[in-house]
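Notes to accompany the following structure.
The values are calculated or read from the model by the stated rules, or taken from the named source; none is laboratory data. This is a predicted model, so every value here is computed, not measured. Ideal geometry is used to build each Cβ from the backbone, glycine not excepted, and the neighbour counts take in all protein chains shown. Remember, those area values only see protein heavy atoms, side chains included, never the ligands or the DNA or RNA. Shrake-Rupley method; radii C 1.70, N 1.55, O 1.52, S 1.80 Å.
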Amino acid sequence: MGKPKVDYSLYLVTDSTPAILGDRRLIDVVKEALGGGVTVVQLREKTGDTAELISKARELHALTQSYGVPLLINDRVDVALAVGCEGIHIGQDDMELSTARKLLGPDAIIGVTVSTVDEALKACEGGADYLGIGTVYATPTKTNTKEVIGAAGVREILARIDDAGHKTQTVCIGGINESNLQRIVFQCGTAKKKLDGVAIVSAIMAAEDPDAAATRLGRLLRNPPAFQVDTRGAGSDITDAQSMVALAPSVVQRVHETTPLSHNMTNIVVQNIAANVALAVGASPIMAGYGEEAPDLCKLGGALVINMGSVDPAGLANYLKALRAYNLAGRPVVFDPVGAGATSLRREAVKTIMANGYLDVIKGNEGEIKTVFGNSQEQQRGVDSSSTLDASQKAKLVRELAAREKNVVVMTGKTDFVSDGVRTFAIDNGHEYLGLVTGTGCTLGTVISAAIAPRKTDRLGAVVAAILHFEIAAELAASQPEIRGPGTFVPAFLDELYRIRLATAGGDLVCDIQEK
Ligand code: 3NM
Ligand code: MG
């Protein structure tokens, strides 16, 4: 007969707990899910007598067979043998793979849950047909998960089994739903190895209409995410600093011509200057912190800035609503994780934001970027930063974070580092007064949002252009004879942002940028 070829793309894992199933019958919910296009079903029952389980499995198998979909049994080799279904799924604490294979034979489908590279390599070497990689995100459906590994952890596993030459198929599991499916699949994949599917419990099983939910999830799987389009426009082939600089005037010009909306969710200290900076560079600012407005605002062709300068739980809920709206609309989002490591609330907020949406650009100082990367041991003091990494370490950090998130990362400082995970630049423009005026650093996020909103230009190129525009304006402002300090600097800085915009056609900016 041979091993059946399995489509793992939309993998349903059942759950009979009342919190998920309610008063419905398992078989009815699975039938609806099959109608909506799930491609594999795993029967996962953690309680109940064996006879009862076998009869449930038998009934389900007749159903899945009528849809041409394989049925796998969680953990219970005996049940799979009794009903003659296509295979099993085993966790790390279940029967060992080699024994299960002996009992079930070469044609059975056997999947293994893995959460580390070692477990994954071992399962591949042991002849697993597929891996269930997780837990991607913490989920109330399974609270005893060993490790929450995020998209980054899944990526690492995919990369390592691919390096080792294994062709084992893969799905990921844990907390996947309609709002995050496309981003998770996008961020989990490496250039060479993509996931074969996603495994889902509650987003289908607990849905009011499992057929419709599965249909929507399947559609999301088959289509690229909205945020993935158009991030590599003109200039995406540029690798040298001089060509990057040459691209900058067109970016500044495009903001001037299109007046993109810059939707800022930012703290009160920064709102006024951010709005003025937006106007100076030719964007149209709106300071709107209420998430319910985002579904309307995201349709206006602009970009969102989430600046968590004074985050609180209500603010966080608003960020998440706006992030979702902008991601769904395929409009760019800039994240400024202000003071990310300063308090546990902020550290948690960073995690929550990153787990709930795709961020086109993450901009922060060294300590903030370290926290976002997740390796910050030391407690950050306030929102100022003390430098510890050398230049090559900074370049490596932004490159690795950008590669992991598949976005653009900016680390500000005396020298700024910016990367899209492949190309990395260090920019030495700027002036110390920028660090002496509250909120100016935050307004760089606003300028970046304006630069990436019109798209068409390579996203990294647009971010570099925004940094150059911003920092050269600071240099020009500080060099005016009447500027005596940070106070007189601010109005001159606004003037220079504005003057550079009007003068960009000339394109004679003194940029100080190097390839790293
Ligand atoms: N296994 P939901 S997480 C059954 O990490 C299961 O191995 C996991 O449920 C693992 O789709 C999980 O509702 C539950 O988040 C996934
Ligand atoms: Mg198990």
In segment 160-210, which trypsin sites (Lys or Arg not before Pro) are in a loop and have at most 11 other Cβ atoms within 10 Å, using DSSP for the loop call? Lys167, Lys192
Heavy-atom accessible area per residue of segment 241-515, all protein chains kept, 1.4 Å probe, expressed in Å², is 38 Å²
Per the 1/(1 + (r/R0)^6) rule, R0 = 41 Å and r from the Cβ atoms of Arg222 and Ala503, FRET efficiency to 0.05 is 0.30
What helices in the chain pass both tests, a Cα length along the helix axis of 15 Å or more and a mean Kyte hydropathy of 1.0 or higher, using whole DSSP H runs? 268-281, 440-452, 459-478
For a paramagnetic label modelled at 7 Å from the Cα of Lys456 toward its Cβ, which residues of segment 250-283 fall within the zone defined by backbone nitrogen distances under 13 Å? 250-260
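Rounded to the nearest 0.05, what FRET efficiency do Leu436 and Lys46 have when you use their Cβ-Cβ distance and R0 = 41 Å?
It comes to 0.10.
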At a Förster radius of 60 Å, what calculated FRET efficiency corresponds to the Cβ-Cβ distance of Asn272 and Leu21, to the nearest 0.05? 0.70
Once the Cα atoms of segment 241-515 are picked out, what are the Rg and Dmax in Å? 16.9, 48
Lysine pairs in segment 10-223 with alpha-carbon atoms under 22 Å apart, 8 or more places apart or on different chains: how many are there? 16
Aspartates and glutamates with Cα under 18 Å of Lys351, excluding same-chain neighbours fewer than 8 positions away: Glu147, Asp312, Asp336, Asp360, Glu366, Glu368, Glu378, Glu400, Glu405
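Pull out the extension gain between Asn144 and Thr488, defined as 0.36 nm times the separation in residues minus the alpha carbon to alpha carbon distance; nm, one decimal. Numbers along the way, then the final one.
Values: separation 344, 0.36 × 344 = 123.84 nm, distance 5.80 nm.
Gain on extension, Asn144 to Thr488, equals 118.0 nm.
With a 1.4 Å probe and all protein chains left in place, how much of the accessible area of segment 184-284 comes from carbon and sulfur atoms, in whole percent?
On segment 184-284, the fraction of accessible area on carbon and sulfur atoms equals 51 percent.
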Would you mind pulling out the separation of the Cα centroids of segment 233-266 and segment 160-232, in Å? 31 Å
If the cut-off is a Cα-Cα distance under 24 Å, which lysines reach Lys456, setting aside same-chain residues fewer than 8 apart in sequence? Lys299, Lys363, Lys406
Write down the accessible area per residue of segment 10-223 in Å², having rolled a 1.4 Å probe over the full set of protein chains. 43 Å²
Could you give the nm distance between label points at Thr388 and His256, where each point is 7 Å from its Cα heading toward the beta carbon? 4.4 nm
Per 10 angstrom bin, beginning at 0 and ending with the bin that holds the maximum distance, the Cα pairs of segment 304-372 fall in percents of 23, 59, 17, 1
Of the convex hull enclosing the alpha-carbon atoms of the chain, the direction-averaged projected area in nm² is 24.4 nm²
Provide Asp75, Asp23, Asp336 ordered by accessible surface of protein heavy atoms (probe 1.4 Å), highest first. Asp23, Asp75, Asp336
